[in-house]
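Please read the structure below before turning to the comments.
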Amino acid sequence: MMLSRVLSNLFSRPATRPFPKTSREPVEGYRGAVEFSQEECVFCGACALRCPANAIEVDRPAKTLKFDLFKCIHCACCAEACKRGCVQLRSAYHPPVYQKPEFEFSGAPVLAAEASPATE
Ligand code: SF4
Ligand code: SF4
């Protein structure tokens, strides 16, 4: 029994793939990659408030957004919360990394209402 298993394993293809050299096509609805649109973000903080993993930090006065990929559980609550469609979860795998990636952006255009000059 065991010998047959050993022989079968020796002459069969491995059950795993050498990612990222080769990878399986993501299944439908897979939400592997979280992407933010810096140009559209107004730093309202709605995504951070809805994030159950505290993976997003928004500093509204400083106009900065930080995202921690290693805390993210890919639930898509941030994408549902963002009324401007700035957060997308794509059907793609993140590549392996040696160090924790830091994702941060700041200084996106302000809302038109904020940008208009004050009237007296
Ligand atoms: S990504 Fe969307 S919800 Fe999050 S701060 Fe920017 S505009 Fe607000
Ligand atoms: S996908 Fe979920 S866990 Fe990841 S940043 Fe968005 S709300 Fe947070």
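Throughout, read-outs are computed from the coordinates displayed, never taken from laboratory work. These figures come from a predicted structure and were not determined experimentally.
Extension gain, Lys71-Ser23: 0.36 nm per intervening residue step, less the Cα-Cα distance, totals 14.9 nm. Every Cα-Cα pair in segment 41-97 was counted, and those over 17 Å apart are 36% of them. Sequence gap of 8 or more, or different chains, plus Cα separation below 27 Å: how many lysine pairs satisfy both in the chain? Within the chain, the lysine pair count is 9. Using θ = phi - 60° in the Karplus curve 6.51 cos²θ - 1.76 cosθ + 1.60, the 3J(HN,Hα) couplings for segment 43-51 round to 6, 6, x, 4, 5, 5, 5, 8, 6 Hz; x is entered for Gly and Pro.
In µm²/s, what is D for the chain at 10 °C and 1.306 mPa s, where D = kT/(6 pi eta Rh) by Stokes-Einstein and Rh is the Kirkwood radius from Cα pairs? The diffusion coefficient I find is 91 µm²/s.
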